Amino acid sequence: MAQQERAIRTRQVILQGAAEVFDEFGYDAASIKQILARVQVTKGALYFHFPSKEALARGVMQEQTLHLRLAQNASKLQQLVDVTMAVAHALPGDAMLRAGVRLALERGSVDFADSNPLIAWADVCQGLVEEAKAQGETLPQVDAKETAELVVGCFNGIQSFSQIVSGMADLERRISILWQHLLPCVATPSTLARLDTAPGRGARALLPPEEGGSELFQ
């Protein structure tokens, strides 16, 4: 058991170091040598867990969608808002999230379309909209898939703009503004009045890994 726990910790250390390097340099410019220098594990240990740089990148993209946990909420539209606000809150200081975004959007030597976390985010958002619609929280004409894809597309455009103009310092405020414009077209009036879209919502929705809560990806 102790050996298994060490292996899990080593794998996480490698992923974190790889995320930092991919975030800084992108996939094509990143090297295994740089990642090894960052994590200070042997080449054998790295290749035991990840046989190639491409496997490492896919591991980072998968991990991007696994390590955020949110407080549960009976309102599924609030949960949808919370997903975006939590990511907006965490993204500026989270190399794993930033690397996942960069790898998802880069057009380099490897096509990561089959591992793209943006599709996974859209699937989660679609599920939340479908649940919200079943609970009577949305307007009748709302299409869950279209709404989910709009949210993910807008989020990524906004985070790119925020990176350019402020280094993501204003990302939470900008996502809050997005919801102020989008929700009146999605939520029923009674639901809209109850939703919290304030810039500080992300910090309140996130839970530490050791606490219970709703994992975004099962």
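Every number in this text was worked out from the coordinates using simple rules, so none of it is lab data. Since the model is a prediction, treat every value here as computed from it, not as a measurement. Cβ sites come from the backbone with ideal geometry, for glycine too, and all protein chains shown count toward neighbours.
Packing-based ranking of 170-177, 137-144, 95-102 yields 95-102, 170-177, 137-144, ordered from highest to lowest mean Cβ neighbour count within 10 Å.
Can you put HIS181, HIS49 in order of Cβ neighbours within 10 angstrom, beginning with the fewest?
Working: HIS181 9, HIS49 18.
Ordered by Cβ neighbours within 10 Å, fewest first: HIS181, HIS49.
Relative to the longest principal axis of the Cα atoms of the chain, the long axis of helix 144-166 lies at roughly 60 degrees. Annotation: amide H-H contacts under 5 Å for ALA187 (H modelled 1.01 Å from N, sequence separation of 5 or more, or interchain): LEU139. Take every pair of alpha-carbon atoms less than 8 Å apart whose residues are at least six positions apart; their mean separation over the length of the range 69-215 yields a relative contact order of 42 percent.
Can you pull the Rg over Rh of the range 69-215, Cα-only, Kirkwood?
On the way: Rg = 15.1 Å, Rh = 15.7 Å.
Dividing the radius of gyration by the Kirkwood radius yields 0.96.
The spacing between the range 52-93 and the range 111-139, judged by their C-alpha centroids, is 13 Å.
For a protection proxy built on the mean count of beta-carbon atoms within 10 angstrom, sort 7-15, 115-123, 161-169, 75-83 highest first, please.
Descending packing order for the listed peptides: 75-83, 115-123, 7-15, 161-169.
Pairs of Cα atoms in the range 2-63 fall into 5 Å distance bins, from 0 up to the last occupied one, in shares of 3, 21, 34, 26, 11, 3, 1, 0 percent.
Coupling constants for the range 172-180 follow from the phi torsions by the Karplus curve (6.51 cos²θ - 1.76 cosθ + 1.60, θ = phi - 60°), and in residue order they are 4, 5, 5, 5, 4, 5, 3, 5, 4 Hz; glycine and proline get x.
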